[in-house]
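Sharing a structure with you now.
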Amino acid sequence: MRSDDFDQVKSLPLFARMTEQSLDNLLQGALLQQFPVGVHLIHEGDPPDFLHVLIDGLVEIFTEQDGVEWGISLLAPVSTFILAAVVGDQRYLNSARTLKESRILLIPAQGVRTILGREIAFAQTVTSELASAYRGAVKKLKGYVARSSVERLANWILSEAQSAASGKHLVLPFDRATLASHIGTTRENLSRNLAHLTEHGVRIRGREIIIDRRDLLEAFARPQRFIDDPNS
């Protein structure tokens, strides 16, 4: 790994509390690589060889059942995947691929497990990451059981708009089929849901989604703190 890459990696929250010696040991054999769009990074059922840390880009975690793909999560920087499989030395439950050109740090899995037993600060950070991932999974499950697909779509739009510069205009970084799989519906039903939301303050223009009346959209979506708030 180049020295400037090493300096950037050291600044990541996952490693911020580690001693320099432990970090040096952890990153022995690590690779920082650039991947184009559409690269399958891990495959469901394979044993974990590396801990992946997304530095730049966008990664989709998904599963395939009976020839149909379903989205599990969309990862933005800086994110690890799939940490639980690496820590437990168990096979991947999901697959992952890049949705945008991505820069990813690959850390040998055995090295991660070795450092976990020696470096308390790193173990505490990993525990926090696992807890956050668990809470995220519970929130998503609550959204599935308590909401219709159009309500999930409305809340997804509100959530994504918060990180947009204008707060009301976003452009899908992937196709509609990918979005449909991540809100638990079909592409055909997604089109109907998008059309329905035009009655609740939303305008659709290709991959662009514009919120003209946030008050109407929020009244329909009814966002909940313990489902939609990333800090809860």
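Bear in mind these aren't lab numbers, they're just calculated from the coordinates by the rules spelled out. None of the values given here were measured: they were computed from a predicted structure.
Report the equivalent ellipsoid semi-axes for region 88-165 in whole Å, largest first, defined as the square roots of five times the eigenvalues of the gyration tensor built from alpha carbon atoms.
Whole-Å semi-axes of the equivalent ellipsoid: 31, 17, 14.
Could you tell me the distance between the Cα centroids of region 34-50 and region 117-162, to the nearest Å?
21
Moving on. When only alpha-carbon atoms count, how far does region 148-228 stretch along each of its three principal axes, as whole angstroms with the largest first?
Principal-axis extents of region 148-228 (Cα, largest first): 27, 25, 22 Å.
Where q = 0.12, 0.17, 0.18, 0.21 Å⁻¹, what log10 of I(q)/I(0) comes from the Debye formula for region 1-158, counting one point per Cα?
Once normalised to I(0) and log-transformed, intensities are -0.56, -1.07, -1.18, -1.50.
Residues with amide H under 5 Å of Asp212's amide H, sequence separation 5 or more or different chain, H placed in the peptide plane at 1.01 Å from N; which?
Here the answer is Val202, Arg203, since their amide H atoms fall under 5 Å of that of Asp212.
Suppose a student asked you for the relative contact order of the chain, using Cα pairs under 8 Å spaced at least 6 residues apart; what percent would you report?
Worked out over the chain, it gives 19 percent.
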